[in-house]
Amino acid sequence: MVAMERSAMRPEQPRPEPPLLAIYGALLEAYGPQHWWPAESPFEVMVGAILTQAAAWTNVERAIAQLKATGVMSPQAILALAEHDLARLVRPAGYFNAKARKLKALCSLIVDRFGGDVDAMLAHDPEELRRLLLATYGIGPETADSILLYAAGRPYFVVDAYTRRLFARLQVRPPGDTYGEWQEFFTARLPRDASLYNEFHALIVRHCKERCRVRPLCLSCPVLPLCPTGQGTVST
Ligand code: SF4
């Protein structure tokens, strides 16, 4: 009785955070391996990482198909193209003038710093490579980390708008909202494993496209048992 009274007086404990690996496991079980990144070469991954900025992947695929059909899917060939011709080829991905300029900047980095050798670039010290990428026109942390993870196979967790949306709804998130805080939040709680980061990010994207949309489909969600937001929605 005394014990019960003591426990009744205790302040309410914060809800325990569901471990990230439990969320990962539920997503993997629901959707299976995603086989990312869909590309034929590491250079194509890098091109895709730039073209996918603010663009639907189907439109990126059309732009990549045009680059391949024209035979310019290499740093040297892209640098040799006039910028307006490159812009015309990547037009389906939107913001085509800016993206042509960004692709040229990336290719200049590969050619000027690594002699045009993509493998040498990707084998470079990853922190130094991240700094070089971030110093390149049009490459922010999300694009840099996509390149490091999906082209170079380095363990850099990619944070995008889908990640923020899903984990805010799961109430598993850092106190701040900067890219670095989000990335550190995941990195501190997960084994530093490139294949895990690869699959986890791909699953987050798949889940947010299919279920955790702007208007979420919580009733059929595989992480509903772990999601306070979804539980609040379905119980009202
Ligand atoms: S339960 Fe709803 S809000 Fe929560 S993760 Fe699933 S779809 Fe998103």
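The values are calculated or read from the model by the stated rules, or taken from the named source; none is laboratory data. Here the structure is a predicted model, which means the values were calculated and not measured. Using ideal geometry, Cβ is built from the backbone for each residue, glycine included, and neighbour counts are taken over all protein chains shown. The area values use the complete protein model at the heavy-atom level, side chains included, leaving out ligands, DNA and RNA. Shrake-Rupley method; radii C 1.70, N 1.55, O 1.52, S 1.80 Å.
The aspartates and glutamates within cross-link reach of LYS68, meaning a Cα-to-Cα straight distance under 18 Å and a gap of 8 or more places when in the same chain, are GLU40, GLU44, GLU83, ASP85. For the chain, the per residue solvent-accessible surface stands at 51 Å², with DNA, RNA and ligands left out and a 1.4 Å probe.
Which is the longest stretch in the chain that no exposed loop site breaks, taking sites as GluC sites (Glu not before Pro) with a DSSP loop state and at most 11 other Cβ atoms within 10 Å? It would help to have the intermediate numbers written out before the result.
Numbers: sites that count: GLU12, GLU40.
Excluding the exposed sites themselves, the longest stretch runs over 41-236.
For the options ILE147, ILE50, ILE78, a Gaussian network treatment of the chain with springs between C-alpha atoms closer than 10 Å singles out ILE78 as fluctuating the most.
Taking a cut-off of 19 Å between Cα atoms, list the aspartates and glutamates near LYS209, but don't count ones fewer than 8 places away on the same chain. Cα-Cα hits under 19 Å: GLU29, GLU61, GLU142, ASP160, GLU199.
Dipole magnitude for the chain: about 780 debye, using +1 per Lys or Arg Cβ and -1 per Asp or Glu Cβ, origin at the Cα centre.
Centre-to-centre separation between the Cα atoms of segment 141-210 and those of segment 37-91: 24 Å. Considering all C-alpha pairs of the chain, those separated by over 26 Å amount to 45%. Per-atom-type breakdown for the chain gives carbon and sulfur 54% of the accessible area (1.4 Å probe, protein chains only). The residues packed around TYR137, meaning those with a beta-carbon under 12 Å from its beta-carbon, carry a net charge of +4 if Lys and Arg are +1 and Asp and Glu are -1. How far is helix 194-210 tilted off the main Cα axis of the chain, in degrees rounded to 10, range 0 to 90? Between helix and principal axis, roughly 80 degrees.
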